[in-house]
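One structure is given here, and the rest of the page talks about it.
The values are calculated or read from the model by the stated rules, or taken from the named source; none is laboratory data. Remember, it's a predicted structure, so these values are computed and weren't measured experimentally. All Cβ positions, even for glycine, are placed from backbone atoms using ideal geometry, and neighbour counts span all protein chains on display. Note: accessible area is taken over every heavy atom of the protein model, side chains too, but ligands, DNA and RNA are not part of it. Shrake-Rupley method; radii C 1.70, N 1.55, O 1.52, S 1.80 Å.
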Amino acid sequence: TSISPVKPENVTPPVSALFSPERRAGISPSYIELETTTIDLEWQEHVTCESCSLSFHDNCIYVNNGTARSLFFIYAQVVFKKREKPRWSVKLIRNGSIGKSEKVEAQVLGAASRLVWMGRIITLTGGDSVTLNITGEYQNEETFWGAFQLH
């Protein structure tokens, strides 16, 4: 019995190598995080990068036009004021655009805990946008959501 060695071109690098500093040299990571204001509960930018491929407008995170198809990690933390049984929900929605229909990417409907944390890796292209839809009363000082461009 003989064992043949694996050819280097058939070996996939470990995931950590794909995002190593050497591989990402010259690439500025894009990120944005939103929080609500204490007065009017409107979303506002809390943290954002310089010359970013992400922007915030009309309660949506937009991928700027001209951005190639890319992977994004979208996350959210929502803390509800009280347990309202199935009366509350959190939905991460990819908004409709030319040639694409609206799609619920992640959702949590009424749970045992007042704290909801969700995250999802999705592929977005320039012009795409996502929004967070929250039903129910939540604590604005502990609620936030955002996005990181992965690749």
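For segment 93-114, give me each residue that is hydrophobic (A, V, I, L, M, F, W, C) and within 18 Å of the chain's Cα centre (by Cα). Full working, then the answer.
First pass over segment 93-114, keeping only residues hydrophobic (A, V, I, L, M, F, W, C): 93, 98, 104, 106, 108-109, 111-112.
If the condition is that a residue be hydrophobic (A, V, I, L, M, F, W, C) and within 18 Å of the chain's Cα centre (by Cα), then Ile93, Val104, Ala106, Val108 are the ones that fit.
In segment 103-148, which residue that is of a type in the set (Lys, Arg) and in contact (Cβ under 8 Å) with a residue 24 or more places away in the chain is least open to solvent (accessible area, probe 1.4 Å)? If you could, list the steps in order and put the result at the bottom.
Here is the first cut: in segment 103-148, the residues of a type in the set (Lys, Arg) are 103, 114, 120.
Those left that are additionally in contact (Cβ under 8 Å) with a residue 24 or more places away in the chain: 114, 120.
Values: Arg114: 84, Arg120: 102 Å².
Across segment 103-148, the extreme among qualifying residues is Arg114.
Which is within 14 Å of Gly110 (Cβ to Cβ) and not in a strand (DSSP E or B), of Lys91, Lys82? It would help to see each step written out before you state the result.
Details: Lys91 fails: not in a strand (DSSP E or B).
Answer to the check: Lys82.
What is the residue count in segment 74-102 for residues that are open to solvent by 60 Å² or more (accessible area, probe 1.4 Å), at pLDDT 80 or above and charged (D, E, K, R)? So that I can check it myself, show each step before the final result.
Applying the first criterion (open to solvent by 60 Å² or more (accessible area, probe 1.4 Å)) to segment 74-102 yields 81-83, 85-87, 91, 98-102.
Within this subset, residues satisfying the condition of being at pLDDT 80 or above are 81, 91, 100-102.
Next cut, charged (D, E, K, R) only: 81, 91, 100, 102.
Residues in segment 74-102 being open to solvent by 60 Å² or more (accessible area, probe 1.4 Å), at pLDDT 80 or above and charged (D, E, K, R): 4 in total.
If I go through segment 94-107 residue by residue, how many of them are out of contact with any Lys or Arg (no Cβ under 8 Å at 6 or more places or on another chain) and assigned to a strand (DSSP E or B)?
1
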